[in-house]
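Enquirer: Let me begin by handing over the structure; questions about it come next.
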Amino acid sequence: MTETLLQLLRCPFCGTSLQLVANSALTQERGQITSGVLGCECCAFPIVAGIPVLIADDRTRQAMHTLEAGKHDEALAMLLGLGTIKDEKSWRLLSPDTETNLREALQLLSPNAEGSYFLHRFSDPTFVPAEALLRAVLQAETTGPLLDLCGGVGHLTRVLDTARPVRPGVQSTITVDLHFWKLWIATRFTLPGCTAICCSAEDPLPFASNLFPIVTLMDAFPYIWHKRLCASEMARVVRPDGLLALPHLHNALGNNVNSGDPLSPSAYRNLFAGQEPRLFSDKCLLDEVLEHQMVDLSNIKSPDQLGSEPSLTLIGSQDPSHYRQLPIPDQLEVTGELQVNPLYKIDHRNGQSYLQLSFPSPDYEAEFGACRRYLPDTLTIDSDLRSPISPASLGTRYAELRRSRVLIDAPPRYT
């Protein structure tokens with residue numbers, strides 16, 4: 001983090017400004033604060049691996065004391081859930097010059113279905129319309145930082161950061177999550193160097209009011225217990241002319257896998273009443289993206305029209321100009337590295353690559369199998385995809401492979 005971030009931050013508990021404490025925990029490298037302690041009028045919080053941890057619990061307090069004792073690697077391992085770092089895999093993961101990739105980091109930090117879900121996030125059928133929506137909205141000029149609330153390991157954060165046209169002086173995206181390990185992966189792999197803050201969406205958000213032009217919260221809202229507080233806080237930190245985007249809200253009237261504690265469409269709308277919310281069918285959004293390369297924000301649905309659809313998207317903004325048909329910019333440029341979608345197994349023979357769609361588990365296929373609408377089960381590509389992939393090497397097939405997400409623009413060291 002940088003000292004300029006302090007201008008935006010407030011204690012989530014007392015609301016006062018946060019200041020750097022000048023003590024032995026403070027380390028800075030090339031203008032970045034990599035570790036230290038933040039203090040306000042009620043609490044002290046650690047900064048570990050450049051991530052402020054604005055949570056008041058025993059583990060965070062212990063990590064702060066470990067930092068102050070000069071044991072920075074142990075404080076990081078503690079917050080990553082690795083305990084004391086004695087095994088070789090943990091040391092290799094934490095080393096700043098490691099060749100570890102995101103897949104290996106997930107296997108160590110989240111060796112379960114959630115880790116697999118994150119690895120395949122860029123092409124799942126809930127992510128595709130959310131990404132398209134935000135890329136379309138962000139073609140309009142915005143200034144100031146964007147906020148990705150409950151941002152996980154940073155996939156949507158990466159979209160927000162790369163989607164808007166580059167303009168000098170525009171601040172970057174801030175990602176927030178309860179789980180430190182997810183933010184560490186985001187800053188290390190998914191969007192290296194991004195601004196991350198560890199805090200709980202069950203508490204007041206640690207920001208000044210009227211700060212962000214866009215606030216997003218994808219997937220997680222049904223799992224938040226204090227929904228009224230979270231909705232109120234999102235409305236507080238977004239600018240008066242800003243936009244709230246909550247893609248993929250589970251519908252209490254529909255059937256979902258791992259649904260959390262969802263609400264009905266009318267209840268979601270009532271929670272965000274002050275932001276003039278509109279509701280959209282996730283099914284319709286995906287259809288529009290795949291069939292027409294656009295999102296239609298004039299196609300507003302009433303709660304009755306949504307009925308028992310499994311999920312919906314809520315957009316809240318007092319700016320009526322958002323509610324129209326928006327073209328999706330073609331994403332053919334490469335901001336990271338071209339990689340074959342990790343859902344494919346690859347067989348290389350005679351200069352050709354043979355791809356076979358392979359889901360990581362039956363549960364994953366049951367939940368995200370709709371990706372077959374754009375990911376073919378098998379295909380052959382006249383190129384050896386083991387070497388670094390360039391658009392030129394794929395000729396006229398490049399655009400097709402990108403649009404279908406057979407090829408993804410992934411961060412370096414993704415798989």
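Nothing in this text is a laboratory measurement; each read-out follows from the coordinates by a stated rule. Keep in mind the model is a prediction, meaning the values are calculated, not measured. Note: ideal-geometry Cβ built from the backbone for every residue, glycine included; neighbour counts use all protein chains shown.
Enquirer: So if each residue of separation counts as 0.36 nm, and I subtract the Cα-Cα distance between MET294 and THR16, what length gain in nm does that give?
Expert: 95.8 nm
Enquirer: Let me ask something additional. Could you tell me which GluC sites (Glu not before Pro) in segment 49-112 are loop residues by DSSP with no more than 16 other beta carbons within 10 angstrom of their beta carbon?
Expert: Those that pass, being in a loop and sparsely packed, are GLU99.
Enquirer: Please list, in chain and number order, the residues 5+ apart from ARG239 or on another chain whose amide H is under 5 Å from its amide H, with Hs placed from the backbone.
Expert: The answer is LEU211, PHE212.
Enquirer: Stokes-Einstein diffusion coefficient for segment 3-99 at 25 °C in a medium of 0.890 mPa s, Rh from the Kirkwood formula over Cα pairs: what value in µm²/s?
Expert: For the chosen part, D equals 176 µm²/s.
Enquirer: Right, another one. If you take the Cα Rg of segment 324-407 and divide it by 2.2 N^0.38 Å, with N the number of residues, what do you get?
Expert: Its radius of gyration relative to the 2.2 N^0.38 Å reference: 1.19.
Enquirer: Sort HIS179, HIS226, HIS248 so the one with the fewest other Cβ atoms within 10 Å of its own Cβ comes first.
Expert: HIS226, HIS179, HIS248
Enquirer: Output wanted: per-residue J couplings in Hz (rounded whole) for segment 262-279, from phi through Karplus 6.51 cos²θ - 1.76 cosθ + 1.60, θ = phi - 60°, x for Gly and Pro.
Expert: x, 10, 6, x, 5, 5, 4, 4, 5, 4, 10, 4, x, 9, 6, x, 10, 10
Enquirer: Any idea what the relative contact order of the chain is, in percent, if you count C-alpha pairs under 8 Å spaced at least 6 apart?
Expert: Value for the chain: 13 percent.
Enquirer: Now for a different question. When the expected Rg is taken as 2.2 N^0.38 Å, what fraction or multiple of it is the alpha-carbon Rg of segment 1-47?
Expert: Computed over Cα atoms of segment 1-47, the ratio equals 1.09.
Enquirer: State, to one decimal in nm, how far the label point of ALA44 lies from the label point of GLU333, with both points 7 Å from Cα in the Cβ direction.
Expert: Once both label points are built, they end up 4.6 nm from each other.
Enquirer: I've got another one for you. From Cα pairs below 8 angstrom and at least 6 apart in sequence, can you work out the relative contact order of segment 192-324, rounded to a whole percent?
Expert: Once divided by the residue count of segment 192-324, the mean separation gives 27 percent.
Enquirer: Also: Quick one: if the Förster radius is 22 Å, what FRET efficiency do TYR223 and SER308 give, using the C-beta to C-beta distance and rounding to 0.05?
Expert: Taking R0 as 22 Å, the efficiency between TYR223 and SER308 is 0.60.
Enquirer: Over its Cα atoms, what ratio of radius of gyration to 2.2 N^0.38 Å does the chain give?
Expert: In units of the 2.2 N^0.38 Å rule of thumb, it is 0.99.
Enquirer: Separate question: Just grab the label-to-label distance for LYS283 and THR378, each label 7 Å out from Cα along the Cβ direction, in nm (one decimal).
Expert: Going from the LYS283 label point to the THR378 one covers 3.2 nm.
Enquirer: Could you compute the longest span of the chain free of trypsin sites (Lys or Arg not before Pro) located in DSSP loops and having at most 11 other Cβ atoms within 10 Å, not counting the site residues?
Expert: Excluding the exposed sites themselves, the longest stretch runs over 87-323.
Enquirer: Let me know the whole percent of all Cα-Cα pairs from segment 200-332 that are separated by more than 22 Å.
Expert: When all Cα pairs of segment 200-332 are counted, 36 percent exceed 22 Å.
Enquirer: Below 15 angstrom from the Cβ of GLN32, what's the summed charge of the other residues (Lys, Arg +1; Asp, Glu -1)?
Expert: Its environment carries a net charge of 0.
Enquirer: Separate question: Spin-label point model (7 Å from Cα, Cβ direction): what's the LEU178 to ILE346 distance in nm?
Expert: 3.7
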